[in-house]
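Written out below as structure tokens is the structure these notes cover.
The values are calculated or read from the model by the stated rules, or taken from the named source; none is laboratory data. Keep in mind the model is a prediction, meaning the values are calculated, not measured. Positions of Cβ are backbone-derived with ideal geometry, glycine not excepted, and every protein chain shown enters the neighbour counts. To get the accessible areas, we keep the full protein, side chains included, count just its heavy atoms, and leave off ligands, DNA and RNA. Shrake-Rupley method; radii C 1.70, N 1.55, O 1.52, S 1.80 Å.
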Amino acid sequence: MKSQVRNRIERIDANTMILNMGPQHPSTHGVLRLILELDGETVIKATPDIGFLHTGIEKAMENKTYAQVIPLTDRMDYVASLSNNLAYLLSVEKLLDIQVPPKAQFIRVLLTELTRIASHLVWVGTHAHDIGAMSMLLYAFREREKLLDIFELCSGQRMMTSYFRIGGLAQDIPEGFESKVREVLGTFPDRINDYENLLTKNRIWLNRTVGVGKISAEDAIDGGVSGPILRGCGVSWDIRRSNPYSGYEKFEFDIPTGKDGDVYDRYLVRIEEMRQSLRIVGQALDGIPEGDFVARVPGVVLPPKEEVLSNIEALIFQFKLVVEGFSPPVGEVYHSIESPKGELGYYIISDGSNKPCRVRVRPPCFVNLSALPKMIEGGLIADVVAVIGSIDIVLGEIDR
Amino acid sequence: MFELDNVFKAVYFWLEGLFTRWGIPQFWLDLLSMLLIFAVIIAFISVSALFLVWWERKVSAHMQVRFGPMRTGWHGWRQTIIDAIKLIMKEDIVPAKVDKVVFVIAPIVVFVSALMVYVCIPFGRGLIVKDLNIGILYILAITTFTVVGLLMAGWGSNNKWSLLGGLRSAAQIVSYEVPLTLSVLGVVLLTQSLSMVEIVKSQVHFWDWYIIRQPIGFLVYITAAIAEVNRTPFDIPEAEQELVAGYSTEYSGMKFAMFFFAEFTNLFTISAVSTTLFLGGWHGPWLPSWMWFFIKTFSVILVIMWFRWTYPRIRVDQLMGFAWKFLLPLAFLNLILTGLFA
């Protein structure tokens, strides 16, 4: 990466200016660094330079048992931690060939859709803030707070939830969960309409977003771009529909798509996705089946607490599981989900020990970011900011 | 009650009486009155800028479902005073590689040009420092002076973001100066005078106000004026999310405070000028003239703040296009219509 950056810098000519944007810049969403070659304010070349938030999460996963990895996944895409939990767990469950009970599946779907809304709220707030509509950030965070309350109710944590566990959930949904979700379902459609009133038909917003940061469907597919950016190009590809997981085939929802693949289409797609997520949440909440919240697989899932306190075998099982973990069969497995940002996949190699031999994450933000130069070259500095916002990057996930 | 009309004149005549009784030459009287006026203006600007910063924070906070400053005094009224004291007491940093002279002078240029405008703003009946017969021309000329300071700050800082901010502000302010002046010309044409006092005197009744007689002119003026003082949606020279802090990126402490003060002083200036030109200045029933002036001015300020916390920021090329392709023809149209029907 460094040599690539240097190569670019060596090719400068005297009429252009090299501008270092980030890692400390108000709108690079964390610590993204961009090296921009400018002619006036027009961007001629853009080179993203990443790695400032490298935390070695993938390597750290190799030193933890399968269950201990879950909290690490929270810390990658920290505005959508439940989606990260889910992607990892589905991979592990695929490796172990565990069937998750329907109740856990429904709650997983419900919570990941709320996560999608929360993530999109962070996106709409920061994106509008980048373009200059500063009040949107506060409105979006006001609503997000309601969702974080729900996460806190379930898991005790607002952001680093780790609520999903291998085989199901950490614990059953608490009392008052349903009423809180119903409240969200009641208020959110109006709030989304409010955002649209502020932005969708706003002349300045249209000027800043329509036709900006365009990418064609071919380029997007070639670059491996996924999620709302790909759908913004008009490609109706959503893993929830194409490869349903966790019972998504039981839910009715539409996949919004754009036409031009510009910043405005991505905006419309994400706003509509929030509405569709609300639809899914409503269906999931109405249809939560009776049953256990976790698959009681001996040796993998902790025995119920009452049994641990009364039964010596259960106590030993719990002790062994916590200390040693479990050893899945030798094999390789990949499972991906539609995270709020795109295709989020976990590739796990098991060597038969109690710790994963290698975990490789396919982060949507990293791949989407690689399409950034294509979108911003030829635009203005102001467009760079708008495009970065529209990609919706989280550096924790890119650098890992 | 609270009538302050002609207070400047009264003080001046009182001083003149004293000086002639004591036999002190006229020169010293002029010097003293100049210094007094300067002190009054500085004091007024400081207080109004401090108040406006607080006001802006409260307005934005309440628009964004927040409270804003609440800890320092009643609804945080002391907050900006404390902030100002902090800025004064901070170390005066001049970065190593800047062009020192230009870097130091730039905030002074900006601040002084913001200050000089106050010489001919009529705060009430007879409440004007000097009723120049070219008043509005003087104000337009002085406000443009700001751009020199911004450009100096952008260039002197030796920082690419500052440079971009400086260039943007130069392009923007020079462009918007044209429709701004043209929109004012309509008023001047109807009043047949450039004097600020004469302009106010020609709009005694509500239906005489130039916002009624010159609605297009008012819209062009307020749009161009917002662009002149770099406020959202035209705040591209200091667009935080794009240019970090634009021309003021390298400034801190008191130098930054001077830019900040100048910004809010200019906000007050454009609102005061639009009150004078279009909203009937000090005219109004019952209340004293100066009170009417401030009510109108703060209403305009409130509207401008409302814009800031609602609209996204326009892009630099669109900003230019807007000035030259839309505002300028509109201002010309307004001028032609005024000329035809007046």
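Taken over the range B:131-176, residues that are surrounded by fewer than 24 Cβ atoms within 10 Å (Cβ to Cβ), outside any helix (DSSP H, G or I) and on the phi < 0 side of the Ramachandran plot amount to 5.
Across the range B:274-308, the qualifying residues are those that are small (G, A, S) and within 16 Å of the chain's Cα centre (by Cα), and the one among them that is modelled with the lowest pLDDT is B:G281.
Annotation for the range B:323-339: at least one member residue is open to solvent by 40 Å² or more (accessible area, probe 1.4 Å), within 14 Å of chain A (Cβ to nearest Cβ) and at negative phi.
Considering the conditions (1) within 12 Å of chain A (Cβ to nearest Cβ); (2) in contact with a helix residue (DSSP H, G or I) (Cβ under 6 Å, 6 or more places away or on another chain); (3) surrounded by 21 or more Cβ atoms within 10 Å (Cβ to Cβ), B:I270 is excluded by exactly one of them, (1).
Scanning the range B:127-180 for residues that are among the polar types (S, T, N, Q) and under 30 Å from B:V7 (Cβ atoms) turns up B:N133, B:T143, B:T146.
The conditions of being more than 14 Å from chain B (Cβ to nearest Cβ), over 20 Å from A:N202 (Cβ atoms), in contact with a strand residue (DSSP E or B) (Cβ under 8 Å, 6 or more places away or on another chain) and surrounded by fewer than 24 Cβ atoms within 10 Å (Cβ to Cβ) are not met by A:G156.
Do you know which of the residues in the range B:59-82 that are within 22 Å of the chain's Cα centre (by Cα) and away from chain A (no Cβ under 14 Å) is surrounded by the fewest Cβ atoms within 10 Å (Cβ to Cβ)? This residue is B:I81.
Given the conditions (1) open to solvent by 70 Å² or more (accessible area, probe 1.4 Å); (2) among the charged types (D, E, K, R); (3) at pLDDT 80 or above, report the number of the one that B:K9 does not fulfil. With (1) open to solvent by 70 Å² or more (accessible area, probe 1.4 Å); (2) among the charged types (D, E, K, R); (3) at pLDDT 80 or above applied to B:K9, the lone miss is (3). In the range A:261-295, the qualifying residues are those that are open to solvent by 40 Å² or more (accessible area, probe 1.4 Å) and among the aliphatic types (A, V, I, L, M), and the one that is farthest from A:I107 (Cα to Cα) is A:L268.
So B:P285 fits all but one of (1) within 14 Å of chain A (Cβ to nearest Cβ); (2) surrounded by fewer than 20 Cβ atoms within 10 Å (Cβ to Cβ); (3) of a type outside the set (A, V, I, L, M, F, W, C); what number is the exception? Here B:P285 clears every test but (1). The listed residues are A:L110, A:L148, A:L90, and the only one of them that is of a type outside the set (D, E, K, R), assigned to a helix (DSSP H, G or I) and open to solvent by 10 Å² or more (accessible area, probe 1.4 Å) turns out to be A:L90. Scoring A:T161 on the criteria (1) assigned to a helix (DSSP H, G or I); (2) at pLDDT below 90; (3) away from chain B (no Cβ under 14 Å) leaves a single failure, condition (1). Among the residues making up the range B:89-103, those that are closer than 18 Å to B:L151 by Cβ, open to solvent by less than 90 Å² (accessible area, probe 1.4 Å) and among the β-branched types (V, I, T) are B:V98, B:V102. Hey, does the range B:252-271 have a residue that's in contact (Cβ under 8 Å) with a residue 60 or more places away in the chain and farther than 30 Å from B:L163 by Cβ? No; the residues of the range B:252-271 include none that is in contact (Cβ under 8 Å) with a residue 60 or more places away in the chain and farther than 30 Å from B:L163 by Cβ. At least 3 residues being within 14 Å of chain B (Cβ to nearest Cβ) is the threshold, and among the helices (runs of 4 or more DSSP H) wholly inside the range A:307-400 those reaching it are A:381-391. If you go through the range A:105-126 one residue at a time, do you hit one that is in contact with a Pro (Cβ under 7 Å, 6 or more places away or on another chain), of a type outside the set (S, T, Y) and within 27 Å of A:A382 (Cβ to Cβ)? There is at least one residue in the range A:105-126 that is in contact with a Pro (Cβ under 7 Å, 6 or more places away or on another chain), of a type outside the set (S, T, Y) and within 27 Å of A:A382 (Cβ to Cβ).
Applying the condition of being free of Cβ contacts under 8 Å to residues at least 40 places away in the same chain and open to solvent by 70 Å² or more (accessible area, probe 1.4 Å) to the range B:31-58 and asking which residue is farthest from B:Y12 (Cα to Cα) yields B:R57.
Checking A:I131, A:I166, A:I150, A:I117 one by one, the residue that is touching a Ser or Thr at 6+ places or on another chain (Cβ under 8 Å) and within 23 Å of A:L89 (Cβ to Cβ) is A:I117 and no other. Would you say B:K325 is under 24 Å from the mean Cα position of the chain (by Cα) and either of a type outside the set (A, V, I, L, M, F, W, C) or within 30 Å of B:G68 (Cβ to Cβ) (or both)? Taking the combined requirement at face value, the residue does not satisfy it.
The residues in the range B:177-207 that are within 20 Å of B:K296 (Cα to Cα) and open to solvent by 30 Å² or more (accessible area, probe 1.4 Å) can be counted, and the count is 7. Would you tally the residues in the range A:274-298 being within 30 Å of A:I316 (Cα to Cα) and assigned to a loop (DSSP other than H, G, I, E, B)? The total comes to 8.
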